[in-house]
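Below is one structure, written out as structure tokens; comments come after it.
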Amino acid sequence: MINIGIISVSDRAFNKVYQDQGIPEIEKIFSSVNTFKVLKKVIIPDEKETIKENLVQLSDIDKLDIIITTGGTGPSSRDVTPDATLEVIDREYPGFGEYMRLESLKYSKNAILSRQTAGSRGNSLIVNLPGNPKSISELLPNLINQLEHFIEKR
């Protein structure tokens, strides 16, 4: 079983201005694959230190195999998820971000502004997904094999 943690990074969802839609979409996708189990879910604000603390918690303390973030990957000054991720990882896997941007360009020319990335911290793989549920559904299913492969090879 591959243990998953999900972090939704959104000031508005954290402050209950609207209901988070990223976590349910990610859970739906992982529930269709028998090898994945979502163990932790958290909604946090777009604050770099808070993001870093949660990434470290889920990787170092909870020892989760994969940590998926949703949100905070755009061009806004509040979008700091990739920045926080890059500060806590040991090794970057730029192919994830390159693939997600390339795939997203099929749906939106604004995908070029997206800053998704991925990397490992210890034995955990951290992947930054966009916050839009439609974008998540266009990207995450195509990453399942790579996530499984990472866990096999780590």
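The values are calculated or read from the model by the stated rules, or taken from the named source; none is laboratory data. What you are looking at is a predicted structure, and each value in this text was computed from that prediction instead of being measured. Glycine gets a Cβ as well: all are built from the backbone with ideal geometry, and neighbour counts include every protein chain shown. What goes into the accessible areas is simple: the full protein's heavy atoms, side chains included, and nothing from ligands, DNA or RNA. Shrake-Rupley method; radii C 1.70, N 1.55, O 1.52, S 1.80 Å.
Just so you know, in the stretch 33-64 the residues that are at pLDDT 95 or above, of a type outside the set (Asp, Glu) and open to solvent by 80 Å² or more (accessible area, probe 1.4 Å) include one that is nearest to Ile144 (Cα to Cα), and it is Lys37.
Please go through the stretch 117-154 and give me each residue that is farther than 18 Å from Asp20 by Cβ and open to solvent by 80 Å² or more (accessible area, probe 1.4 Å), ordered by number. Asn123, Asn145, Gln146, His149, Glu152, Lys153, Arg154 - these are the residues of the stretch 117-154 that are farther than 18 Å from Asp20 by Cβ and open to solvent by 80 Å² or more (accessible area, probe 1.4 Å). How many residues does the stretch 65-77 hold that are exposed (fewer than 14 other Cβ atoms within 10 Å of the Cβ) and not polar (S, T, N, Q)? Residues meeting the conditions: 1. Among the residues of the stretch 99-114, those identified as open to solvent by 80 Å² or more (accessible area, probe 1.4 Å) and either closer than 17 Å to Gly72 by Cα or small (Gly, Ala, Ser) (or both) are Asn110, Ile112, Leu113. Residue check: is Gln19 out of contact with any helix residue (DSSP H, G or I) (no Cβ under 8 Å at 6 or more places or on another chain) and surrounded by fewer than 18 Cβ atoms within 10 Å (Cβ to Cβ)? Taking the combined requirement at face value, the residue does not satisfy it.
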